[in-house]
Amino acid sequence: MQFFIDTGDIKEITEASKWGIVDGVTTNPSLIASTGRKQEDVIKEIAQIIDGPISAEVIATDKENMLKEAQELVKIHENIVIKLPLTMDGIAACKFLTDNNIKTNVTLCFSSNQALLAAKAGATYISPFIGRLDDIGHDGMALIEEIRNVYDNYGYMTEILAASIRHPTHVRDASFLGADVATMPFKVLKSLYAHPLTENGLEKFLSDHQKANK
Ligand code: E4P
């Protein structure tokens, strides 16, 4: 399973990159807005830190302008993946970019039929938003399972990028169900390391070692 970090915060990306387990980065207009910087500047800096796919989202809602934005975004770095909303124009833009060998991440996916549309358009990644479905009383993880089944039924190569991850259990369950990628906030990524038995066990090993070597 690949791990992407879902943030535009350069400090977080820099720290997480040192852990050696971050495969890529996802951003969205809200995450970029929270940095108070221009998307282009943030993405350029991220590309210097992480050598892997970096999703940058278009703001336009019509195909023509989505493609114009995509053209500019791909100039930033070879690792840029164009993030497009799951709309008719987004899917049409995805098909065009796929036909022109540009990687895409179709975002804001909330149903397996939507995921099927993205796969048919040749999307590199589909981003089902688990947390936002859970928030409204639906079962986000069931969507990951459905998409896995649909894609496996037809051999679609679009990678399932479990998004809107809120806690470590989301990561565990998405990995059980065969999501290809999990993108998560810094704090969730960090929390994957934590287990009280690891901490207590290490403390005991070290104190036993010290006692024996007095
Ligand atoms: C994914 O690419 C999105 O940026 C992200 O996971 C959305 O998460 P949220 O629902 O916590 O905003």
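The values are calculated or read from the model by the stated rules, or taken from the named source; none is laboratory data. Values in this document were obtained by computation on a predicted structure and should not be read as measured data. Glycine gets a Cβ as well: all are built from the backbone with ideal geometry, and neighbour counts include every protein chain shown. The protein model used for the area step is the full one, side chains on, heavy atoms only, and it has no ligands, DNA or RNA in it. Shrake-Rupley method; radii C 1.70, N 1.55, O 1.52, S 1.80 Å.
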Mind counting the residues in region 177-214 that are polar (S, T, N, Q) and within 16 Å of the ligand (Cβ to nearest atom)?
-> 2
Cβ-Cβ under 7 Å pairs, at least 6 apart or on other chains, region 56-78 side in a helix (DSSP H, G or I) and open to solvent by less than 60 Å² (accessible area, probe 1.4 Å), far side modelled with pLDDT of 95 or more and of a type outside the set (A, V, I, L, M, F, W, C) = 66/89; 66/90; 76/40; 76/44
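To keep it simple, each residue is scored yes or no on (1) within 18 Å of the chain's Cα centre (by Cα); (2) of a type in the set (Lys, Arg); (3) more than 25 Å from residue 11 (Cα to Cα).
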| residue | (1), (2), (3) |
| --- | --- |
| 39 | yes, no, no |
| 49 | yes, no, no |
| 52 | yes, no, no |
| 55 | yes, no, no |
| 65 | no, no, yes |
| 68 | no, yes, yes |
| 72 | no, no, yes |
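Considering only region 79-88, state which residues are hydrophobic (A, V, I, L, M, F, W, C) and touching a residue at least 24 places away in the same chain (Cβ under 8 Å).
Pass one, region 79-88, residues hydrophobic (A, V, I, L, M, F, W, C): 80-82, 84, 86, 88.
Answer for region 79-88, where residues must be hydrophobic (A, V, I, L, M, F, W, C) and touching a residue at least 24 places away in the same chain (Cβ under 8 Å): 80, 81, 82, 84, 86.
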Only one of 108, 143 is at positive phi, at pLDDT 95 or above and within 14 Å of the ligand (Cβ to nearest atom); which?
-> 108
Are any residues in region 15-36 touching a helix residue (DSSP H, G or I) at 6+ places or on another chain (Cβ under 6 Å) and among the hydroxyl-bearing types (Ser, Thr, Tyr), and if so, which ones?
-> 17, 35
Given the structure, is residue 110 farther than 20 Å from residue 1 by Cβ and not polar (S, T, N, Q)?
-> yes
Run residue 103 past the list (1) within 16 Å of the ligand (Cβ to nearest atom); (2) open to solvent by less than 30 Å² (accessible area, probe 1.4 Å) and report the number of the one that doesn't hold.
-> (2)
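Can you go through 119, 115, 93 and tell me which one is over 19 Å from the mean Cα position of the chain (by Cα) and of a type in the set (A, V, I, L, M)? Can you show your working first?
Values: 119 fails: over 19 Å from the mean Cα position of the chain (by Cα); 115 fails: over 19 Å from the mean Cα position of the chain (by Cα).
Residue meeting the stated conditions: 93.
For region 35-48, indicate whether the set of residues that are more than 14 Å from the ligand (Cβ to nearest atom), within 19 Å of residue 186 (Cβ to Cβ) and among the small types (Gly, Ala, Ser) is non-empty.
Kept after step one, since they are more than 14 Å from the ligand (Cβ to nearest atom), are these residues of region 35-48: 36-38, 40-41, 44-45, 47-48.
Okay, now just the ones that are also within 19 Å of residue 186 (Cβ to Cβ), so 36-37, 45, 47-48.
Right, trim to among the small types (Gly, Ala, Ser) and you get 36, 47.
Yes: region 35-48 contains one or more residues that are more than 14 Å from the ligand (Cβ to nearest atom), within 19 Å of residue 186 (Cβ to Cβ) and among the small types (Gly, Ala, Ser).
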All positions within region 110-138 that are crowded, with 24+ Cβ neighbours inside 10 Å and in a strand (DSSP E or B) | 125, 126, 127, 128
